[in-house]
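The values are calculated or read from the model by the stated rules, or taken from the named source; none is laboratory data. Everything numeric here is computed off the predicted structure, so don't read it as measured data. In this analysis, Cβ positions are derived from the backbone assuming ideal geometry, glycine residues included, and neighbour counts consider all displayed protein chains. Only protein heavy atoms, including side chains, enter the accessible area calculation; ligands, DNA and RNA are left aside. Shrake-Rupley method; radii C 1.70, N 1.55, O 1.52, S 1.80 Å.
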Amino acid sequence: MRVPIPQLTAERRGELAKAAGRYAEGSRVAIRGVRRDGMEQIKGFEKKGEISEDDLKDWSDQVQKMTDGYIRRIDDSLGDKDKEIRQV
């Protein structure tokens, strides 16, 4: 059985690109939330005296680098998907 699917219009491609952008922004927000939770946990360790200030800075930098890396991956994926969607 074959189901004919019409070609996407420019308007529909724009809508799909916006939807992909919304999903990407939701992912970025989720990653930032995880970063916030991790930073709070690290600060809690420092307040309890379980880690030093130097460890606090090192761990915070690692968390930020990981966050930046994942957000960069999302942005790259969004760019690729946007090109794919808008390709005629």
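Quick check, is E11 under 30 Å from V88 (Cβ atoms) and either touching a Gly at 6+ places or on another chain (Cβ under 8 Å) or not aromatic (F, W, Y) (or both)? Explain how you work it out, then say what you get.
On the way: under 30 Å from V88 (Cβ atoms): yes; either touching a Gly at 6+ places or on another chain (Cβ under 8 Å) or not aromatic (F, W, Y) (or both): yes.
The answer is yes for E11.
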Those residues of the range 31-64 which are under 30 Å from I85 (Cα atoms) and either open to solvent by 60 Å² or more (accessible area, probe 1.4 Å) or touching a strand residue (DSSP E or B) at 6+ places or on another chain (Cβ under 7 Å) (or both), in sequence order: R32, V34
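Yes or no, residue by residue, for (1) aromatic (F, W, Y); (2) assigned to a helix (DSSP H, G or I); (3) more than 30 Å from L16 (Cα to Cα):
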residue: R36; (1), (2), (3): no, yes, yes
residue: M39; (1), (2), (3): no, yes, yes
residue: K43; (1), (2), (3): no, yes, yes
residue: I51; (1), (2), (3): no, no, yes
residue: S60; (1), (2), (3): no, yes, yes
residue: G69; (1), (2), (3): no, yes, no
residue: D76; (1), (2), (3): no, yes, no
